[in-house]
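The values are calculated or read from the model by the stated rules, or taken from the named source; none is laboratory data. Please read these numbers as outputs of a predicted model, since none were measured by experiment. Cβ placement follows ideal geometry from the backbone for every residue including glycine, while neighbour counts extend to all protein chains displayed.
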Amino acid sequence: MIVLGFESSCDETGVALVDSSGAGVPRLLSHALHSQIAMHQAYGGVVPELASRDHIRRVLPLTEQVLADAGRTLKDVDVVAFTRGPGLAGALLVGAGVACSLAAALGKPVMGVHHLEGHLLSPFLSQDPPEFAFVALLVSGGHTQLMQVDRVGSYEVLGETIDDAAGEAFDKSAKLLGLPYPGGPALAKLAAQGNPLAFKLPRPLLHSGDLDFSFSGLKTAVLTQSKKLGAVISEKDKADLAASTQAAIVEVLLKKSLKALEQTGLKRLVVAGGVGANTLLREQLNAACSKRGIRVHYPELHLCTDNGAMIAMAAAMRLQAGVEMVNTAYSFDVMPRWSLGKSAVGVAAKVT
Ligand code: ATP
Ligand code: MG
Ligand code: FE
């Protein structure tokens, strides 16, 4: 089975071809990505209308590129997959519209994929894919969740953020420090030159006893600290504040992940989503997990943030696992808000 997958939930247009023939992990044949970061940078964040229009501009050339790179044509495609949600409605509609039109023209089934399932399964695109079952730490721009993943389609939320996501904490703190969008990588880069112990910042819900997170207080603490430093913050203070912020976020993610592993008794951790690209988080998780005999799996660095490969992969893995989700009626909708839980994926995503 050859799956053509589209991602357009936010500010990345991604297209990919994955081959799920055979019994092993589906194989990525090719993928192409256009990031809109440069376009949105002037506005300090994603402008939804501009995002939708740019997806329209990019999606077909990227599709042609992906087919050419894999030496295939549209006739080789067996299933068309797209991100059905969550994300920006207008942006999602571009991917959904293109995917369903193509599928209808080809007379092939179409599958709406949950964006977070794509992130979750993205480590299966790496050279060293995980085995089920595992604990997943999903840390993206809009979500922060710990999950127990027993198999494809079985996602139990163990804990999640009650307010901001980890990526949002990175982005908002970075903005307060005057760093460009997207703030996460910029803050991490600056933090490398700073002292993480310089400022005392809160570790929200660290000792709450459950697996939930809260990051909005941290952003307020960064604001308070930066105000105390005055109108012009020295480069050293800025780097120290960045390092202290990163340390606070990473410590909470680390401790809660270890707690989830302890609670479930599972010996495998999968980290997914954009914040999974963070070097300090990787170093600390690796060190703590190796001490405990726990294997940690990550997506390849360039597949941590949004891409089409993870969507085609999730669709291919669902098909392989026999999770029924194909649609041949070509009527489609998108789910701008959509939680990834057992019932949500099993029921709401089942379109016929
Ligand atoms: P969601 O998947 O929840 O809908 P999203 O698609 O916007 O949100 P991703 O593409 O997974 O999120 O990740 C983007 C987030 O990752 C941004 O918040 C960005 O700042 C953060 N990020 C990317 N690289 C790093 C890094 N090296 N360190 C910290 N954060 C990072
Ligand atoms: Mg993005
Ligand atoms: Fe994402």
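Candidates Leu281, Leu285: the one that is farther than 19 Å from Val152 by Cβ, more than 16 Å from ligand 3 (Cβ to nearest atom) and in contact with a Ser or Thr (Cβ under 8 Å, 6 or more places away or on another chain) is Leu285. Every test in (1) surrounded by fewer than 23 Cβ atoms within 10 Å (Cβ to Cβ); (2) within 27 Å of Phe199 (Cα to Cα); (3) among the acidic types (Asp, Glu); (4) in contact (Cβ under 8 Å) with a residue 24 or more places away in the chain is passed by Glu300 save one, and that test is (2).
So which residues in segment 95-137 are assigned to a strand (DSSP E or B) and out of contact with any Ser or Thr (no Cβ under 7 Å at 6 or more places or on another chain), if there are any at all? Hits for segment 95-137 are Val110, Met111, Gly112, His114, Phe134, Ala136.
Applying the criterion of being within 19 Å of Ala169 (Cβ to Cβ) and within 10 Å of the chain's Cα centre (by Cα) to the residues of segment 121-144, the residue that is farthest from ligand 3 (Cβ to nearest atom) is Thr144.
Annotation: Glu251 fulfils all but one of (1) within 15 Å of ligand 1 (Cβ to nearest atom); (2) surrounded by 18 or more Cβ atoms within 10 Å (Cβ to Cβ); the unmet one is (2).
Tell me yes or no: at least one residue of segment 247-264 is touching a Lys or Arg at 6+ places or on another chain (Cβ under 7 Å), more than 17 Å from Ala174 (Cβ to Cβ) and not basic (Lys, Arg). Looking for residues that are touching a Lys or Arg at 6+ places or on another chain (Cβ under 7 Å), more than 17 Å from Ala174 (Cβ to Cβ) and not basic (Lys, Arg), one finds at least one in segment 247-264, hence yes.
The residues listed here are Ala174, Ala133, Ala165; of these, the one that is within 15 Å of ligand 2 (Cβ to nearest atom) and closer than 26 Å to Ala314 by Cα is Ala165. Does Ala91 fit the bill of being within 15 Å of ligand 1 (Cβ to nearest atom), touching a Pro at 6+ places or on another chain (Cβ under 8 Å) and not in a loop (DSSP other than H, G, I, E, B)? The answer is yes for Ala91. Of all residues in segment 21-66, those being outside any helix (DSSP H, G or I) and either within 22 Å of the chain's Cα centre (by Cα) or closer than 16 Å to Leu88 by Cβ (or both) number 17. Within segment 11-51, being surrounded by 18 or more Cβ atoms within 10 Å (Cβ to Cβ), among the hydroxyl-bearing types (Ser, Thr, Tyr) and more than 15 Å from ligand 3 (Cβ to nearest atom) holds for Ser20, Ser30. Just one of the listed residues (Ala315, Ala309) is in a helix (DSSP H, G or I), at pLDDT 90 or above, crowded, with 19+ Cβ neighbours inside 10 Å and in contact with a Ser or Thr (Cβ under 8 Å, 6 or more places away or on another chain), namely Ala309.
Note on segment 288-306: residues that are outside any loop (DSSP other than H, G, I, E, B) and either more than 16 Å from ligand 3 (Cβ to nearest atom) or touching a helix residue (DSSP H, G or I) at 6+ places or on another chain (Cβ under 6 Å) (or both) total 9. A count restricted to segment 167-194 and to residues that are in a loop (DSSP other than H, G, I, E, B) and either over 30 Å from His302 (Cβ atoms) or hydrophobic (A, V, I, L, M, F, W, C) (or both) stands at 3.
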